[in-house]
Amino acid sequence: MRRFIPATAVLSEKTKYSLPLRRWRWRCFSRVAQKEFDNKGGVVVPKMPSFDYAPPPYTGPSAAEILSKRKEYLSPAMFYLYNKPLNVVDGRMQYLFDENGRRYLDAFGGIATVCCGHCHPHVVDAIVNQTKRLQHSTILYLNHAIADLAEALANKLPGNLKVVFFTNSGTEANELAIMMARLYTGCHDIISLRNAYHGNAAGTMGATAQSNWKFNVIQSGVHHAINPDPYRGVFGSEGEKYAKDIQDLIQFGTSGNIAGFISEAIQASPIFTVTIDFHGVGGIIELAPGYLPAAYNIIKKAGGLCIADEVQGGFGRTGSHFWGFENHGVVPDIVTMAKGIGNGIPLGAVITTPEIAEVLTRRNYFNTFGGNPVCTAAGLAVLNVIEKERLQDNAFVVGSYLKERLIALKEKHDLIGDVRGRGLMLGVELVTDHELKTPAKLETLHLLDQMKEIGVLVGKGGFYGNVFRITPPLCFTTKDAGKLLRFGCYSDTIFW
């Protein structure tokens, strides 16, 4: 069915009249798309590719009813994406469905969480079968699910990283990793990167380095090093020059010995909003080449442990390697993970060496739901699917194709300031001035809504809220990638 979308249909009243609309009159560079505009200026939405699943009719409350209840009963700190929030009621593989049965191409993957695909049958079967047999007991009893997943994860990591502690989220995992580093070294100081996001609990909020995500509470013992950002950073792509700032922080901000260093291999953005003056973090920033080896060397000399945050970059998402840190040729002392580990099930983990793990025996440390049999059964199924369906290889092939096409578009369209990332973890930064790198905030918001209206879901991040985050399920195909690129031509504002 053809659908026509007015050019200003997705603009809120707050922004509609403040936009410099002359900047929006970009022509579409697709001949096909140029022929598919109606005589009223609307846009003809292209047909979705065929798919062998149709969701059952939805009989639940409408989006308006849910939103009303949400505003009354849920925390006002919760926000939603798009001017007209999307009521998602069903999902299969790389697609999501709204209350009306409309299908959307999901290029966001639930914030880089859905790696196997929505409701992947093997993962669903593992969850259902375990739930039918035993939903929960306690890790004080024996159950093979937790041990089987621990063994499988340990076999995916290098060196002596083979002791696993399960959590429920990435924040919990990073919180535990920081505490373990402090206990093991006997030091308190942690170094993280500016622009980093590692969670929103006490310790992880300290390691997070953006004012947008830091409440005015005590956050002690964390120092934030210059971010090795090849696009906006002061040293460009010269990683070793950025690493020198870590040495300066140790010499002038600590006793000379530190607890550890925490970083992502690619800074991602776990949270996003749609307002103009409130933004996500990260922005899919790949660390400058040579940075991590130099940084790890400095940290080791100061007696610290190196923590790799793989919450978003792990489980084959970068394509070339299973873990993001492997792209930099380093081996951390502690690895944290979540999101993709459960394909949507709340599950996280901390993996370290036997020597470091020993510190938790000094006192009692317990997590009621960490290692829950249903969650760990799901995690093992996820690992099996990634291997059986070669999803890491697929992420490399499809991600490389998509990135290459996006880079080619960058050469044609001034609005694209930077294309970055690896595999199916890509970022497209929009700017209104290439030399000044002025963030295209309003344009990003408008384009985000326009893409949703034509059936494509992407994320938004970056400190300035001007980065498209492309982190689809790893079952994404080159055909899907082509559709993502092609669909943009059906809006008067989308440039690719």
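The values are calculated or read from the model by the stated rules, or taken from the named source; none is laboratory data. None of the values given here were measured: they were computed from a predicted structure. Cβ: placed from backbone, ideal geometry, glycine included. Neighbour counts: every protein chain shown. Heavy atoms of the whole protein, side chains included, go into the accessibility calculation; ligands, DNA and RNA do not. Shrake-Rupley method; radii C 1.70, N 1.55, O 1.52, S 1.80 Å.
Inside the range 202-228, residues that are hydroxyl-bearing (Ser, Thr, Tyr) and open to solvent by 30 Å² or more (accessible area, probe 1.4 Å) make up a count of 2. Once the range 234-260 is narrowed to residues that are more than 26 Å from the chain's Cα centre (by Cα) and within 23 Å of Gly199 (Cα to Cα), the residue that is most open to solvent (accessible area, probe 1.4 Å) is Leu249. Residues of the range 240-259 include at least one that is in the same structural domain as Asn174 (by the TED database) and closer than 23 Å to Leu436 by Cα. Just so you know, in the range 346-364 the residues that are part of a loop (DSSP other than H, G, I, E, B) and open to solvent by 50 Å² or more (accessible area, probe 1.4 Å) include one that is modelled with the lowest pLDDT, and it is Asn364. Screening Val398 against (1) buried (at least 20 other Cβ atoms within 10 Å of the Cβ); (2) outside any helix (DSSP H, G or I); (3) in contact (Cβ under 8 Å) with a residue 60 or more places away in the chain leaves a single unmet condition, (2).
The listed residues are Asn343, Asn367, Asn384, and the only one of them that is open to solvent by 50 Å² or more (accessible area, probe 1.4 Å) and in the same structural domain as Ala150 (by the TED database) turns out to be Asn384. Scanning the range 451-487 for residues that are assigned to a helix (DSSP H, G or I) and over 16 Å from Val419 (Cα atoms) returns Met451, Lys452, Glu453, Thr478, Lys479, Asp480, Gly482, Lys483, Arg486, Phe487.
Conditions (1) over 23 Å from the mean Cα position of the chain (by Cα); (2) crowded, with 22+ Cβ neighbours inside 10 Å; (3) of a type outside the set (Phe, Trp, Tyr), marked per residue:
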{"site": "Asp98", "(1), (2), (3)": "no, no, yes"}
{"site": "Ala107", "(1), (2), (3)": "no, yes, yes"}
{"site": "Val114", "(1), (2), (3)": "no, yes, yes"}
{"site": "Gly117", "(1), (2), (3)": "no, yes, yes"}
{"site": "Val123", "(1), (2), (3)": "no, yes, yes"}
{"site": "Ala126", "(1), (2), (3)": "yes, yes, yes"}
{"site": "Arg133", "(1), (2), (3)": "yes, no, yes"}
{"site": "Ile139", "(1), (2), (3)": "yes, no, yes"}
{"site": "Lys162", "(1), (2), (3)": "yes, no, yes"}
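Quick one: in the range 337-366, which of the residues that are among the polar types (S, T, N, Q) and over 25 Å from the mean Cα position of the chain (by Cα) is nearest to Lys156 (Cα to Cα)? Ranking the candidates gives Thr353 first. Restricting attention to the range 331-340, the residues that are open to solvent by less than 10 Å² (accessible area, probe 1.4 Å) and more than 10 Å from Ala173 (Cβ to Cβ) total 2. Within the range 71-84, none of the residues are in contact with a strand residue (DSSP E or B) (Cβ under 6 Å, 6 or more places away or on another chain), more than 26 Å from Leu474 (Cβ to Cβ) and either in contact (Cβ under 8 Å) with a residue 40 or more places away in the chain or outside the structural domain of Phe315 (by the TED database) (or both). In the set (1) outside the structural domain of Gln135 (by the TED database); (2) touching a residue at least 40 places away in the same chain (Cβ under 8 Å), the condition left unmet by Lys410 is number (2). For the range 427-436, the criterion of a residue being over 21 Å from Cys116 (Cα atoms), open to solvent by 50 Å² or more (accessible area, probe 1.4 Å) and in a strand (DSSP E or B) is satisfied by at least one position.
Number of residues in the range 196-221 that are of a type in the set (S, T, N, Q) and touching a His at 6+ places or on another chain (Cβ under 9 Å) equals 5. Taken over the range 131-168, the criterion of being over 21 Å from Asp333 (Cα atoms) and among the β-branched types (Val, Ile, Thr) is satisfied by Thr131, Thr138, Ile139, Ile146. The residues listed here are Tyr197, Tyr184, Tyr231; of these, the one that is of a type in the set (Ser, Thr, Tyr) and surrounded by fewer than 21 Cβ atoms within 10 Å (Cβ to Cβ) is Tyr231. The criterion of being at pLDDT below 95 and farther than 27 Å from Leu183 by Cβ does not hold for Ser220. The residue that is farthest from Ile470 (Cα to Cα), counting only those in the range 58-70 that are surrounded by 13 or more Cβ atoms within 10 Å (Cβ to Cβ) and free of Cβ contacts under 8 Å to residues at least 40 places away in the same chain, is Pro61.
Out of Leu149, Leu153, Leu161, Leu142, one residue alone is outside any helix (DSSP H, G or I), assigned by the TED database to the domain that holds Gly371 and either more than 18 Å from Gly260 (Cβ to Cβ) or in contact with a Lys or Arg (Cβ under 6 Å, 6 or more places away or on another chain) (or both). It is Leu142.
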